[in-house]
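Some notes on the structure that comes next.
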Amino acid sequence: MPDRLPPLTALRAFDAAARHMSFAKAAEELHVTPAALSFQIKSLEEHLGTQVFRRLNRAVELTEAGRAMAPGMADGFQTLAAAWRAAERTLDNETLTVTAGPAFTAKWLAPRLYEFAQAHPEIELRFSATLKLVDLTRDGIDVAIRFGTGTDEGVYSYPLPADEWVCPVMTPEMAARFPTPDSLRDATLIFDDSIAFLKPPANWDTWFRMMDIDFAPKAGPRFSQADHAIDAALAGVGVALGRRSVVIKDLDDGRLIAPFPHALDTGVRFRFLCNQGAEMRPQIVAFRDWILTEIAKTEHITDRMIRQPSSDFQPE
């Protein structure tokens with residue numbers, strides 16, 4: 001049996017037929033006649049020395065050899081398609097596809113996009129708000145903004161210069177009702193479970209320990225998404241322990257206030273990721289520089305915070 005692969009056209013015909021389980025539909029996808037596709041399958045079978053399809057009256061089914069080959073063929077053509085799209089993207093300086101978490105997209109990126117669009121009308125931004133780990137090449141992503149403690153092997157990774165701290169945030173009306181940290185015992189406290197993964201924890205228990213208040217709240221509305229927790233605080237539901245990236249715009253605009261400037265430093269930052277070698281593409285440079293400029297605009301809020309590491313206030 002020869003090790004040399006059959007022609008790519010024959011492999012492509014097999015992949016399409018195996019996905020559709022129909023020669024007619026595969027031929028339609030590849031824009032060839034059913035007879036031409038059948039010829040390609042026949043040539044592949046002659047090259048392999050056995051049938052890959054069993055021909056039935058009105059259908060086909062894979063033989064054992066066909067079943068062994070189909071998954072690898074599908075993966076191979078997906079890889080080829082992704083590589084082709086990646087090559088095309090290197091020639092495209094007008095679009096930028098960005099992925100970030102839903103909360104960061106909703107609370108940090110979206111409210112600022114008008115400024116980016118005004119400064120860079122030549123760049124079309126496309127967003128995918130997801131926490132799913134993506135393959136930048138396979139998924140057609142130019143930039144990923146990620147938060148957490150993961151590793152960034154094999155990609156360009158730039159830590160954004162803004163530490164992620166958390167502190168109580170509330171509406172001005174709510175702040176008038178709860179003027180001291182101790183008075184928060186009587187407030188509705190909102191829980192953001194999206195940061196429950198942080199080690200050491202940066203939660204309400206830790207914040208009250210930092211303030212030397214013996215209180216470990218358990219009751220209160222809980223949200224799996226940080227932006228939902230902050231939306232509840234904006235609606236006056238209660239007091240949220242807000243993350244810098246998610247609350248900084250609302251603090252700067254006065255919709256929320258942080259009356260007690262004691263913040264827990266999580267020790268975690270966001271990272272700006274792209275493929276190695278792509279970091280100097282014009283639209284990626286423009287987007288990164290814009291993010292850095294926007295971070296600098298709210299440094300005055302971070303500067304007035306009394307920040308202490310959450311690790312300093314863990315129970316013995």
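Just so you know, in region 186-198 the residues that are assigned to a loop (DSSP other than H, G, I, E, B) and over 21 Å from the mean Cα position of the chain (by Cα) include one that is surrounded by the most Cβ atoms within 10 Å (Cβ to Cβ), and it is Thr188.
Can Lys107 be described as assigned by TED's automatic domain parsing to the domain that holds Arg271 and either in contact with a Ser or Thr (Cβ under 6 Å, 6 or more places away or on another chain) or not in a loop (DSSP other than H, G, I, E, B) (or both)?
Values: assigned by TED's automatic domain parsing to the domain that holds Arg271: yes; either in contact with a Ser or Thr (Cβ under 6 Å, 6 or more places away or on another chain) or not in a loop (DSSP other than H, G, I, E, B) (or both): yes.
Yes, satisfied.
Within region 114-124, does at least one residue satisfy the condition of being free of Cβ contacts under 8 Å to residues at least 12 places away in the same chain, of a type in the set (Phe, Trp, Tyr) and farther than 26 Å from Thr149 by Cβ? Within region 114-124 (the criterion being free of Cβ contacts under 8 Å to residues at least 12 places away in the same chain, of a type in the set (Phe, Trp, Tyr) and farther than 26 Å from Thr149 by Cβ), the answer is yes, since at least one residue qualifies.
Just checking, which of Ser157, Ser183 is surrounded by fewer than 18 Cβ atoms within 10 Å (Cβ to Cβ) and modelled with pLDDT of 95 or more? Step by step, each of Ser157, Ser183 is checked, and only Ser183 is surrounded by fewer than 18 Cβ atoms within 10 Å (Cβ to Cβ) and modelled with pLDDT of 95 or more.
For region 66-76, the condition holds for no residue, the condition being that it is in the same structural domain as Phe23 (by TED's automatic domain parsing), touching a residue at least 12 places away in the same chain (Cβ under 8 Å) and part of a loop (DSSP other than H, G, I, E, B).
Can you work out which of the residues in region 186-219 that are among the small types (Gly, Ala, Ser) and modelled with pLDDT under 95 is nearest to Arg307 (Cα to Cα)? Before the answer, list the steps.
If we filter region 186-219 for residues that are among the small types (Gly, Ala, Ser), which is where we start, we get 187, 194, 196, 202, 216, 219.
Imposing the further condition that a residue be modelled with pLDDT under 95 reduces the set to 194, 196, 202, 216, 219.
Details: Ser194: 21, Ala196: 20, Ala202: 12, Ala216: 20, Ala219: 26 Å.
Only one residue tops the list, namely Ala202.
Restricted to strands (runs of 3 or more DSSP E) entirely inside region 226-315, those with at least 1 residues that are touching a residue at least 12 places away in the same chain (Cβ under 8 Å) and under 20 Å from the mean Cα position of the chain (by Cα) are 239-243, 270-275.
You will find that of Ala74, Ala86, Ala81, the residue that is at pLDDT below 95, within 30 Å of Gly140 (Cβ to Cβ) and in contact with an Asp or Glu (Cβ under 7 Å, 6 or more places away or on another chain) is Ala74 and no other.
Going by what's in this entry, would Glu45 be described as more than 35 Å from the chain's Cα centre (by Cα), part of a helix (DSSP H, G or I) and of a type in the set (D, E, K, R)? So Glu45 fits the description; yes.
Yes/no matrix, rows are residues, columns are (1) over 30 Å from Asp142 (Cβ atoms); (2) modelled with pLDDT of 95 or more; (3) in the same structural domain as Phe191 (by TED's automatic domain parsing):
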| position | (1), (2), (3) |
| --- | --- |
| Asp231 | no, yes, yes |
| Ile248 | no, yes, yes |
| Leu256 | yes, yes, yes |
| Arg269 | no, no, yes |
| Met280 | no, no, yes |
| Asp289 | no, yes, yes |
| Arg304 | yes, no, yes |
| Ser310 | yes, no, yes |
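The values are calculated or read from the model by the stated rules, or taken from the named source; none is laboratory data. Remember, predicted model here, so these are calculated numbers, not experimental data. Cβ: placed from backbone, ideal geometry, glycine included. Neighbour counts: every protein chain shown.
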